[in-house]
Amino acid sequence: MAGLLERKIAIVTGAGKGLGAAVAQAYGAEGATVIVSDIDTHSAKQVADAIPNASAVPCDVTSPEQVEALVDHAVNLHGRLDVMVANAGVANISPLAQMSYAQWREVTSVNLDGVFLSIRYAAPAMIATGGGVIVNMCSITAQAAVPLIGNYAAAKAGVMSLTQTAAIELRPQGVRVNAILPGFIDTDMVKAHKRQFEELLNLPDFDAVIAQKQGRYGTPEEVARLAVFLASDRSRFSTGSAFVLDGGARASLL
Amino acid sequence: MAELEGRRALVTGAAQGLGRAIATLFVERGAQVMLADVDEQGAERAAAELGDRARSVRCDVTSSADVQGAVQAAVDAFGGLDVVVNNAGVEVVKPLVDQSEEEFSRLMDVNVKGVFLGIKHSVPALAAAGGGAIVNMSSLAGVGGAPLFGSYGAAKAAVIQLTRTAAVELRQAGIRVNAVCPGFVGTAMVDRLIPTVEAAVGVPFGDLIALKQGRLGTVEEVAEMVAFLASDDASWATGSHYLLDGGLSASLL
């Protein structure tokens with residue numbers, strides 16, 4: 001059976017590990033030609049090496065020049081860009097009242113500026129060839145707070161807003177823009193901060209809170225399946241929307 | 001992906017429009033489908049066109065006995081039930097003060113109670129199969145207000161709320177529950193309301209749609225989203241309502 005993304009040229013930012021790597025792998029399996037981008041050249045190359053036809057391009061998404069060069073790479077190598085997954089993201093932990101400006105900027109520059117730049121440079125390339133799809137990796141923290149990651153949540157709320165504006169502005173040119181809002185996923189990013197959540201929030205067991213709220217951790221592969229659907233023609237009427245994927249976490253007030 | 005090979009599904013309101021498109025895509029993707037509709041002959045005809053993986057049953061979703069009967073018909077025909085699409089619905093599109101009490105009650109009966117009964121009576125069969133997926137048809141009118149859509153929107157908002165609670169209550173049983181919220185889609189239902197909407201908004205319907213959502217959606221596009229949520233590709237999606245509106249709700253203008 002033909003893949004859902006045959007002949008599509010796709011960039012995935014932050015694809016050296018975690019969600020981004022899973023999305024790149026799923027896109028490759030569906031027939032897309034994937035450009036695996038990450039600030040960490042080595043991990044990008046490792047992921048790309050395991051995907052047929054994929055290439056690795058280092059990119060710091062906070063740099064306009066580097067994001068522009070990333071899009072140029074796709075267009076120069078493959079003649080066009082069909083899909084941009086603005087996935088690159090970072091997190092750090094602090095109550096707002098103690099958060100340093102550096103902590104604020106680290107997260108907002110990657111998670112929000114990076115998405116703006118990805119849209120900014122991907123959209124013109126897509127318009128030039130008649131359209132495309134942008135998938136922004138957002139988060140359920142765009143809709144409700146999680147203590148200690150106010151910077152992350154604010155940036156993700158900004159990503160949702162960018163998704164909406166871009167969707168409306170780019171609709172006439174055939175570019176669709178949607179956001180995926182995952183709950184807590186089994187990734188290094190979440191694992192790295194579990195202990196801090198437990199200590200600072202005085203929680204005996206972070207995993208138990210997750211189990212109560214969302215049944216279990218989601219997997220990167222599950223997020224990747226939604227990212228495939230949103231990049232494919234099967235979702236061609238969807239734009240500007242928030243796709244919550246969280247095992248029911250947002251559905252319950254309790 | 002989104003393949004439904006071996007899945008046994010029940011789709012309500014399947015004689016025409018959206019429900020029929022959902023049943024058609026499900027069969028295409030490998031599912032066996034019980035087409036339920038209050039229009040018995042319509043459901044029979046639609047099922048006959050889909051071949052031997054489709055059957056039909058008469059079902060008024062406001063009747064517990066009918067909904068239980070439809071679930072049983074699917075279980076008897078296919079040996080079990082994995083997917084339920086609570087799609088049956090009616091519309092009342094007029095200013096609130098012009099709606100009769102009877103119209104309001106009928107709307108709530110079909111669009112809200114019908115979904116409640118669809119969840120309530122299918123859960124035992126879904127649980128017996130080791131889990132499954134329920135997809136409820138809500139609407140963009142369920143997430144935002146619009147003139148003429150007051151009662152319809154209230155009913156569709158209720159569907160979202162039922163979806164959330166059912167998702168959380170049924171998570172342990174391995175049953176996922178999600179909703180789909182389409183904007184304006186090219187169906188007989190939308191055709192019927194064009195003159196009313198034009199009169200109320202004062203803009204030609206085509207212009208309104210072009211401005212708000214680019215174009216009309218198609219029933220096939222809605223069916224794709226239902227198929228995604230019904231499939232294992234959506235294994236971590238539950239309690240969500242996925243919009244499908246060409247960007248309508250993303251913009252204030």
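The values are calculated or read from the model by the stated rules, or taken from the named source; none is laboratory data. Quick caveat: nothing in here was measured; it's all calculated off a predicted structure. Every residue, glycine as well, gets a Cβ built from its backbone with ideal geometry; the counts of neighbours run over all protein chains shown. The protein model used for the area step is the full one, side chains on, heavy atoms only, and it has no ligands, DNA or RNA in it. Shrake-Rupley method; radii C 1.70, N 1.55, O 1.52, S 1.80 Å.
Pull up the cross-link candidates among the lysines for A:LYS156, meaning alpha carbon to alpha carbon under 29 Å and not fewer than 8 places away within one chain.
A:LYS8, A:LYS17, A:LYS45, A:LYS191, A:LYS194, A:LYS213, B:LYS156, B:LYS212
Report the charge-dipole magnitude of chain B in Debye, nearest 20, computed about the Cα centre from +1 at each Lys and Arg Cβ and -1 at each Asp and Glu Cβ. Each step should come with its number before you reach the end.
Numbers: 19 positive and 29 negative charges, 103 e Å.
Computed charge dipole of chain B: roughly 500 debye.
Just by accessible area at a 1.4 angstrom probe, what is the order of A:THR41, A:THR108 from largest to smallest?
A:THR41, A:THR108
Considering every pair of different Cα atoms, what Kirkwood radius, in Å, is found for chain B?
Details: mean 1/r = 0.0554 Å⁻¹.
Final number for the Kirkwood radius of chain B is 18.0 Å.
Put a dot 7 Å past each Cα toward the Cβ at B:SER100 and B:ASP232; how far apart are the dots in nm?
5.1
Would you mind working out the magnitude of the charge dipole of chain A relative to its Cα centre, with +1 at each Lys and Arg C-beta and -1 at each Asp and Glu C-beta, to the nearest 20 Debye? Can you show the working numbers first?
Values: 19 positive and 23 negative charges, 119 e Å.
Dipole about the Cα centre, nearest 20: 580 debye.
For segment B:232-242, what does the Karplus curve 6.51 cos²θ - 1.76 cosθ + 1.60, with θ = phi - 60°, yield as ³J(HN,Hα) per residue in whole Hz, taken in order and with x for Gly and Pro?
Once θ is set to phi - 60°, the couplings for segment B:232-242 become 5, 4, 9, 4, 10, 8, 8, x, 9, 10, 9 Hz.
State whether segment B:1-130 is rounded, prolate or oblate according to the following rule on the C-alpha gyration tensor (a ≥ b ≥ c being the square roots of its eigenvalues): a/c under 1.5 gives rounded; otherwise a/b larger than b/c gives prolate, and the remaining case gives oblate.
Working: a/c = 2.12, a/b = 1.64, b/c = 1.29.
Because a/c hits 1.5 or more and a/b exceeds b/c, segment B:1-130 counts as prolate.
With a sphere of radius 14 Å drawn around the Cβ of A:THR33, what net charge do the other residues whose Cβ falls strictly inside it have (Lys, Arg +1; Asp, Glu -1)? Intermediate values should be presented prior to the final figure.
Values: positive: A:ARG7, A:LYS8, A:ARG80; negative: A:GLU6, A:GLU30, A:ASP82.
Computed value for this residue: 0.
I need the phi-derived Karplus couplings for segment B:114-124: 6.51 cos²θ - 1.76 cosθ + 1.60, θ = phi - 60°, integer Hz, Gly and Pro marked x.
Karplus values, whole Hz, x for Gly and Pro: x, 6, 4, 5, x, 6, 3, 8, 8, 4, x.
Can you give me the C-alpha center-to-center distance between segment A:84-149 and segment B:99-125, rounded to a whole angstrom?
Distance between centres, Cα-based: 41 Å.
State, as an integer percentage, the relative contact order of chain B based on alpha-carbon contacts under 8 Å between residues 6 or more apart. Mind showing how you got there, number by number?
On the way: 538 pairs, mean separation 50.0, N = 253.
Answer for chain B is 20 percent.
By how many degrees, 0 to 90 and rounded to 10, does the Cα axis of helix B:150-170 deviate from the longest principal axis of chain B?
Long axis of B:150-170 versus the principal axis of chain B: about 30 degrees.
Please report, to two decimal places, log10 I(q)/I(0) for segment B:136-230 at q = 0.13, 0.16 Å⁻¹ as given by the Debye formula with identical point scatterers on the Cα atoms and no solvent.
-0.52, -0.74
Viscosity 1.567 mPa s, temperature 4 °C: give me the Stokes-Einstein translational D for segment A:107-196 in µm²/s, with Rh taken as the Kirkwood radius over C-alpha pairs.
It comes out at roughly 93 µm²/s.
Test of the criteria: in segment A:1-66, which GluC sites (Glu not before Pro) are in a DSSP loop and have at most 15 other Cβ atoms within 10 angstrom of their Cβ?
Numbers: sites: A:GLU6, A:GLU30, A:GLU65; in loops: A:GLU6, A:GLU30.
Answer in residue order: A:GLU6.
Other chains' Cβ within 10 Å of A:227-239 residues: what's the mean?
Working: counts 0, 4, 11, 1, 0, 4, 2, 10, 6, 7, 19, 10, 9.
Counting Cβ atoms of other protein chains within 10 Å of each residue's Cβ and averaging gives 6.
About the Cα centre of segment B:80-130, how large is the charge dipole given +1 on each Lys and Arg Cβ and -1 on each Asp and Glu Cβ? Please answer in debye to the nearest 20. Provide the component values of the computation, followed by the final result.
Values: 4 positive and 7 negative charges, 47 e Å.
With Lys and Arg at +1 and Asp and Glu at -1, about 220 debye.
Return the tail of the calculated pair distribution for the protein assembly as shown, meaning the percent of Cα-Cα pairs more than 39 Å apart. Intermediate results must be reported in sequence, preceding the final value.
Details: 31566 of 128271 pairs.
Result for the distance tail: 25 percent.
Provide a whole-number value for the mean count of partner chain Cβ atoms within 10 Å of the Cβ atoms in peptide B:220-228.
Values: counts 3, 6, 1, 1, 8, 6, 0, 2, 8.
What the average comes to for B:220-228 is 4.
I'd like to know which of A:GLY248, A:VAL190, A:GLN173 lies farthest towards the positive end of the charge dipole of segment A:117-254, counting +1 on Cβ of Lys and Arg and -1 on Cβ of Asp and Glu.
Going by the Cα projections, it comes out as A:GLN173.
R0 = 22 Å: FRET efficiency of A:ASP40 with B:GLU3, Cβ-based, nearest 0.05? If you can, show how the numbers build up before the last one.
Numbers: r = 35 Å, r/R0 = 1.60.
Once rounded, the FRET efficiency stands at 0.05.
Determine Rg/Rh for segment B:19-96; Rg is computed over alpha-carbon atoms and Rh is the Kirkwood hydrodynamic estimate from the same atoms. Mind showing how you got there, number by number?
Working: Rg = 13.1 Å, Rh = 13.0 Å.
Here the Rg-to-Rh quotient is 1.01.
Take the alpha carbon atoms of segment B:1-28, find their center, do the same for segment B:63-88, and report the distance between the two centers in whole angstrom.
What the calculation gives is 13 Å, centre to centre.
How far is helix A:18-29 tilted, in degrees, relative to the longest principal axis of the Cα atoms in chain A, given as a value from 0 to 90 rounded to the nearest 10?
Orientation of helix A:18-29: about 30 degrees from the principal axis.
At a probe radius of 1.4 Å, figure out the B/A buried accessible area, summed over both chains, and give it in Å² to the nearest 100. List each step's numbers first, then the result.
Details: alone 11370 and 11650 Å², together 20000 Å².
In total, this chain pair buries about 3000 Å².
Could you go through segment A:140-148 in sequence order and give the Karplus-derived ³J(HN,Hα) for each residue, using 6.51 cos²θ - 1.76 cosθ + 1.60 with θ = phi - 60°, rounded to whole Hz, and x for Gly and Pro?
Coupling constants for segment A:140-148: 5, 5, 6, 10, 8, 6, 10, x, 5 Hz.
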